[in-house]
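Quick note: the coordinates plus some simple rules give every number you see, no bench work behind them. Being a predicted model, the structure only gives us computed values, none of them experimental. Glycine also receives a Cβ, built like all others from the backbone with ideal geometry; neighbour counts cover every protein chain displayed.
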Amino acid sequence: EEDRTAKKRLRALPALQSHLRTAHNMTLCELCITHKRDFVSKLPRFTPQGLKSHQTKGDGPMSGFTGHPLCEFCKPTRFYDVVKLHEHLNKEHYKCHICEKAGKVNRFFKDYDRLEWHFEREHFLCRDAQCLAARFVVFENEIDLRAHEASVHGTSRRDGGTKIKLEFRIRRPHQEQDGDSSNQALPTGQDFQYGLNGEAFVPEALPGELNENERGVGGVPQPRQGN
């Protein structure tokens, strides 16, 4: 009986939506129909502009609803709430596990190509063909990368030694102009504050989860500032 009622309800919804559009220039929010546990008769009706405002901004400050979140990779696709958005992001897109370990949580990338580009720029990606094909062979620092190359690929120093030689070459803006690289300075902490250049999408945190500002550096929670 419940299945019959549900099927009847699903058949009636398109007819109701069509009637609302043609007779009243109104519509229902499909996301609310699908996910909100309420009778359809109790759901609000919207004008086209009102529906857009409902989905993007919510129903006003007193409602507690701020809109259906958008997936920046799948525009204009929206999701009922931040939980459904995170389910989609974890299923269809990619996270950087090294950023997660460093406390930079919920940084998503559209596809593996963009994630690999991030690995190349921000971390230490193994460029061996087999590792590139295997994917996700990336390290937090150059020491771990060189150790991996030596143990897995047999890469070693020509003199037979086992020590890993690291060379940091930091180009300063003035060096790009005069082409002089003889006075290269040692890298500072600022040189490693990489940006994501818009490649990562950081959605709103899940309920009960700290956002990146509250989590702080290295995942250590930061004290809240007093009013």
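3J(HN,Hα) along the stretch 117-134, derived from phi through the Karplus expression 6.51 cos²θ - 1.76 cosθ + 1.60 where θ = phi - 60°, amounts to 4, 5, 4, 5, 7, 9, 10, 10, 8, 6, 8, 4, 4, 5, 5, 5, 5, 6 Hz, with x in place of Gly and Pro.
Over the stretch 34-106, Cα pairs under 8 Å with separation of 6+ residues give a relative contact order of 15 percent. Distant-in-sequence amide contacts of L125, defined by a placed amide H-H separation under 5 Å and a gap of 5 or more residues or a different chain, comprise F139. By the Stokes-Einstein formula, at 0.692 mPa s and 37 °C, the stretch 1-136 with its Kirkwood radius over alpha-carbon pairs has D equal to 180 µm²/s.
Where does the charge balance sit around R127 when Lys and Arg score +1, Asp and Glu -1, over other residues with C-beta under 11 Å from its C-beta? Working shown, then result.
Values: positive: none; negative: E116, E120, D128, E149.
That works out to -4.
Packing, taken as the mean count of other beta carbons within 10 Å per residue, orders the peptides 61-68, 200-207 from highest to lowest as 200-207, 61-68.
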